[in-house]
């Protein structure tokens, strides 16, 4: 797996449209491995007790929304949503405070997504993405769906004074693959410092796409 993609995808199997049951989501999490996966499990705060009840060992999680657990097997690495005294956290919208950013890619227009990325780069505010970012290339999930390669290259362009919108709108897989492979080691480090990861309810498709595009080596 090329370094640009390493540790990119959080497991959001509990969330729509996959919406697995807790036991099935946990089983899939335990049996799916790839350098592209972060090894983090996304869980709603109000389902932490449910996770605890079926847990088979330690697990690293990001907690979505309010909720707490006393189960020391559940290692909370971050919150998604502001919780007083809980850091690090990822927060959508303009209330930045000391938190990282978060962008919801489902239903967001090209210009709005590009603008979010440009601001994140300008303000040096790391972020993660969520919702609707399952495939590598723009449009592979259907009209209006963004691709994770598009987002990564949009970050790269923003960090070097370019226009994020050009990468967001690129729908030629060959151009995206070439762009990913042309990034220097320093550029890859900078891109992944800014874009931490994204949550996908499907943990196989992103890997399959990378393999299809020859980015798994």
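The values are calculated or read from the model by the stated rules, or taken from the named source; none is laboratory data. As the structure is a prediction and not an experimental result, all values here were calculated from the model. Backbone-built Cβ (ideal geometry, glycine too); neighbour counts: all protein chains shown.
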Quick check, is residue 195 modelled with pLDDT under 95, under 24 Å from residue 77 (Cβ atoms) and crowded, with 20+ Cβ neighbours inside 10 Å? no
Can you tell me which residue in the range 153-192 is nearest to the chain's Cα centre (by Cα), limited to those that are touching a residue at least 60 places away in the same chain (Cβ under 8 Å) and surrounded by 21 or more Cβ atoms within 10 Å (Cβ to Cβ)? 191
Boolean, residue 65 is more than 23 Å from residue 209 (Cβ to Cβ) and modelled with pLDDT under 95: yes
Of (1) at pLDDT 95 or above; (2) closer than 24 Å to residue 148 by Cβ; (3) touching a strand residue (DSSP E or B) at 6+ places or on another chain (Cβ under 9 Å); (4) surrounded by fewer than 15 Cβ atoms within 10 Å (Cβ to Cβ), residue 73 fails just (2)
Hey, can you tell me all the residues within the range 200-209 that are under 15 Å from residue 2 (Cβ atoms) and either assigned to a loop (DSSP other than H, G, I, E, B) or more than 15 Å from the chain's Cα centre (by Cα) (or both)? 209
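Give 23, 10 a once-over and let me know the one that is surrounded by fewer than 17 Cβ atoms within 10 Å (Cβ to Cβ) and either in contact (Cβ under 8 Å) with a residue 24 or more places away in the chain or under 18 Å from the mean Cα position of the chain (by Cα) (or both).
Going through 23, 10 in turn, just one is surrounded by fewer than 17 Cβ atoms within 10 Å (Cβ to Cβ) and either in contact (Cβ under 8 Å) with a residue 24 or more places away in the chain or under 18 Å from the mean Cα position of the chain (by Cα) (or both): 23.
Filter the range 26-35 for residues that are under 17 Å from residue 199 (Cβ atoms) and in a loop (DSSP other than H, G, I, E, B); which is nearest to the chain's Cα centre (by Cα)?
The extreme case among them is 34.
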Which members of the range 171-188 meet the condition of being over 26 Å from residue 142 (Cβ atoms), part of a helix (DSSP H, G or I) and in contact with a helix residue (DSSP H, G or I) (Cβ under 7 Å, 6 or more places away or on another chain)? 187, 188
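Got a sec? Which of 151, 137 is touching a helix residue (DSSP H, G or I) at 6+ places or on another chain (Cβ under 6 Å) and either at pLDDT 95 or above or assigned to a strand (DSSP E or B) (or both)?
Just one listed residue meets the conditions, 137.
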Give me a count of the residues in the range 1-23 that are under 13 Å from residue 202 (Cα atoms) and not in a loop (DSSP other than H, G, I, E, B). 3
